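Engineer: Dumping the structure here so I can ask a few things about it.
The values are calculated or read from the model by the stated rules, or taken from the named source; none is laboratory data. If you're wondering where the values come from, they're calculated on a predicted model, not measured in any experiment. Glycine also receives a Cβ, built like all others from the backbone with ideal geometry; neighbour counts cover every protein chain displayed. To get the accessible areas, we keep the full protein, side chains included, count just its heavy atoms, and leave off ligands, DNA and RNA. Shrake-Rupley method; radii C 1.70, N 1.55, O 1.52, S 1.80 Å.
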There are 2 protein chains.
Amino acid sequence: MIKKEPGINVGVSNRHVHLSQKDLEALFGVGYQLTELKPLSQPGQFACKETVTIVGPKGAIENVRILGPVRKETQVEISRTDAFKLGINAPVRESGDIEGTPGIVIIGLKGVVVVEKGVIIAKRHIHMHPKDAEHYGVKDKQIVKVLAEKPERRIIFDDVVVRVSDKFALDFHIDTDEANAAMLNNGDLVWIVEF
Amino acid sequence: MIKKEPGINVGVSNRHVHLSQKDLEALFGVGYQLTELKPLSQPGQFACKETVTIVGPKGAIENVRILGPVRKETQVEISRTDAFKLGINAPVRESGDIEGTPGIVIIGLKGVVVVEKGVIIAKRHIHMHPKDAEHYGVKDKQIVKVLAEKPERRIIFDDVVVRVSDKFALDFHIDTDEANAAMLNNGDLVWIVEF
């Protein structure tokens, strides 16, 4: 097995919501603007002070963080653990690929929206700049394998999609289930591998 | 990569509690006996009708299933997702290896016990009969790799410990975080692999 150096930082995504401006206003009031709490690893992206409650047929989850800026379409990213709790059969999808995905109820400070689609389990992925892609010898949308080496729970993640853009910083994004299966935390290193 | 046939059934373990007779009586009353709800895949093991609430510094989880029969020592098996919710820094351990592990509060129908140790995240493992071990060419306590091939979340679990006994049936046991990271359900097939 060949480990490609250097290792890549892990970013663990907890459940979160991206909102359209229309849905944001339905949830928080006409003309509402998101309030930045802290920047995320990807340039221009930020966690917001605002949170919502998401509700499915089997349960609700409170204090779900909104990530900004607003997007064209509302998208709710949950773990499969969350999917069971909510009773929503969410598919594994890349961000933005929400056609045919289930809907959900979102509750904000001043309103409720019923979104007809947009609930996904995010497909694990590596964000990278074109310079990183050149270094590792990979291309946008290529599927790679990633090794995590924490004691007792060493794992090789397959089906990791590489996303390349000059707007991206190098980061391996997984959800909380994937992080826990491999005992990974934010900032741990993992490696693209070949065998 | 060599896949060893036949594939092995997946058993997903949700959080559960094994109780000593002493703790069982403290929680449910003097002379109490567990009530079998349904048998488990391993011979002689069963899920009980009785459940408990488990409580840590950060939270509680209700309706945690007791597995029977009673054991020499009480042991609480949780996922890392649960560990974060409870606020208990549980280590990955094999069943029975509980020295130096954190304690927890358990609440039953008629009492409460504060156990001083026994909270673990179960190390993923394959139960097998000596005949299976001979077939796959592996030994008790050997570490193997296991391939799961569900679409979008193909994974290779390393650090899988093989446990061999003539009391065991062939089964790959993982917790809910591991199942969700690989989109696995009870009864799915996985394969021991070498490369």
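Engineer: Can you figure out the FRET efficiency of B:Asn186 with A:Val30, using R₀ = 51 Å and their beta-carbon distance, to the nearest 0.05? It would help to have the intermediate numbers written out before the result.
Structural biologist: Details: r = 49 Å, r/R0 = 0.95.
Using R0 = 51 Å, I get an efficiency of 0.55.
Engineer: Can I ask one more? According to the square roots a ≥ b ≥ c of the eigenvalues of the Cα gyration tensor, what is the shape class of the protein assembly as shown, taking rounded for a/c under 1.5, prolate for a/b larger than b/c otherwise, and oblate for the remainder?
Structural biologist: On the way: a/c = 2.16, a/b = 1.30, b/c = 1.66.
Oblate is the answer for the protein assembly as shown, as a/c is 1.5 or above yet b/c matches or exceeds a/b.
Engineer: Could you list log10 I(q)/I(0) for chain B at q = 0.09, 0.18, 0.19 Å⁻¹, which the Debye formula gives when each Cα is one point scatterer?
Structural biologist: -0.35, -1.24, -1.33
Engineer: With label points built 7 Å along Cα→Cβ from the Cα atoms of B:Gln142 and A:Glu5, find their separation and express it in nm.
Structural biologist: In this crude label model, B:Gln142 to A:Glu5 measures out at 3.3 nm.
Engineer: How many partner chain Cβ atoms sit within 10 Å of a residue's Cβ in peptide A:143-156, on average, as a whole number?
Structural biologist: Values: counts 1, 0, 3, 0, 2, 1, 2, 2, 3, 10, 11, 7, 10, 8.
What the average comes to for A:143-156 is 4.
Engineer: Using a simple spin-label model with points 7 Å from Cα along the Cα→Cβ vector, what separation in nm is obtained for B:Thr53 and B:Lys72?
Structural biologist: Taking the two extended label points, one gets 3.3 nm.
Engineer: What longest region of chain B stays clear of trypsin sites (Lys or Arg not before Pro) that DSSP places outside H, G, I, E and B and that have at most 15 other Cβ atoms within 10 Å?
Structural biologist: Details: sites that count: B:Lys58, B:Lys72, B:Lys110, B:Lys139, B:Lys141, B:Lys167.
Longest run free of exposed loop sites: B:1-57.
Engineer: A follow-up question, please. Applying 1/(1 + (r/R0)^6) with R0 = 25 Å to the Cβ-Cβ distance of B:Val105 and A:Asn63, what FRET efficiency is obtained, to the nearest 0.05?
Structural biologist: Efficiency, from the Cβ-Cβ distance: 0.55.
Engineer: Could I ask something else about it? Could I have the simple spin-label model distance between A:Val161 and A:Lys85, label points 7 Å from Cα toward Cβ, reported in nm to one decimal?
Structural biologist: In this crude spin-label approximation the distance works out to 2.6 nm.
Engineer: Please report, for A:Ile107, the nm distances (one decimal) from its label point, 7 Å out from Cα along the beta-carbon direction, to the equivalent points in the remaining copies, shortest first.
Structural biologist: List, nearest first: 2.3 nm.
Engineer: Figure the gain on full extension for A:Ser41 and A:His129 (residue separation times 0.36 nm, minus the Cα-Cα span) and round it to one decimal in nm. Don't skip to the answer; put the middle values down first.
Structural biologist: Numbers: separation 88, 0.36 × 88 = 31.68 nm, distance 1.28 nm.
Answer, rounded to one decimal: 30.4 nm.
Engineer: So, one more: What's the magnitude of the charge dipole for region A:14-122 around its Cα centre, counting Lys and Arg as +1 and Asp and Glu as -1 at the beta-carbon? Answer in Debye, nearest 20.
Structural biologist: Values: 13 positive and 12 negative charges, 45 e Å.
For this selection, approximately 220 debye.
Engineer: What whole-number value in Å² describes the accessible area per residue of region A:14-122 for a 1.4 Å probe?
Structural biologist: Values: 5380 Å² over 109 residues.
Heavy-atom SASA per residue in region A:14-122 reads 49 Å².
Engineer: Hey, which of these cross-link pairs are over 28 Å Cα-Cα: B:Lys72/B:Lys123; A:Lys167/B:Lys58; A:Lys85/A:Lys139; A:Lys131/B:Lys123; A:Lys3/A:Lys38? Provide the component values of the computation, followed by the final result.
Structural biologist: Values: B:Lys72/B:Lys123 20 Å; A:Lys167/B:Lys58 38 Å; A:Lys85/A:Lys139 36 Å; A:Lys131/B:Lys123 39 Å; A:Lys3/A:Lys38 33 Å.
Exceeds cut-off: A:Lys167/B:Lys58; A:Lys85/A:Lys139; A:Lys131/B:Lys123; A:Lys3/A:Lys38.
Engineer: Karplus couplings for region B:164-172 from phi (6.51 cos²θ - 1.76 cosθ + 1.60, θ = phi - 60°), rounded to Hz, Gly and Pro as x?
Structural biologist: 10, 7, 6, 8, 9, 9, 5, 6, 9
Engineer: Please give me, ordered by residue number, the GluC sites (Glu not before Pro) of region A:74-147 that lie in loop per DSSP and have at most 15 other Cβ atoms within 10 Å.
Structural biologist: Working: sites: A:Glu77, A:Glu94, A:Glu99, A:Glu116, A:Glu134; in loops: A:Glu94, A:Glu99, A:Glu116.
Qualifying residues, ordered by number: A:Glu94, A:Glu99, A:Glu116.
Engineer: Given a 1.4 Å probe and no ligands, DNA or RNA in the count, how much accessible surface is buried by A and B, both sides, to the nearest 100 Å²?
Structural biologist: Details: alone 10330 and 10320 Å², together 18050 Å².
What A and B bury together is about 2600 Å².
Engineer: Explain nothing, just the number: dipole magnitude of the protein assembly as shown about its Cα centre with +1 on each Lys and Arg Cβ and -1 on each Asp and Glu Cβ, in debye rounded to the nearest 20.
Structural biologist: Values: 52 positive and 54 negative charges, 63 e Å.
Computed charge dipole of the protein assembly as shown: roughly 300 debye.
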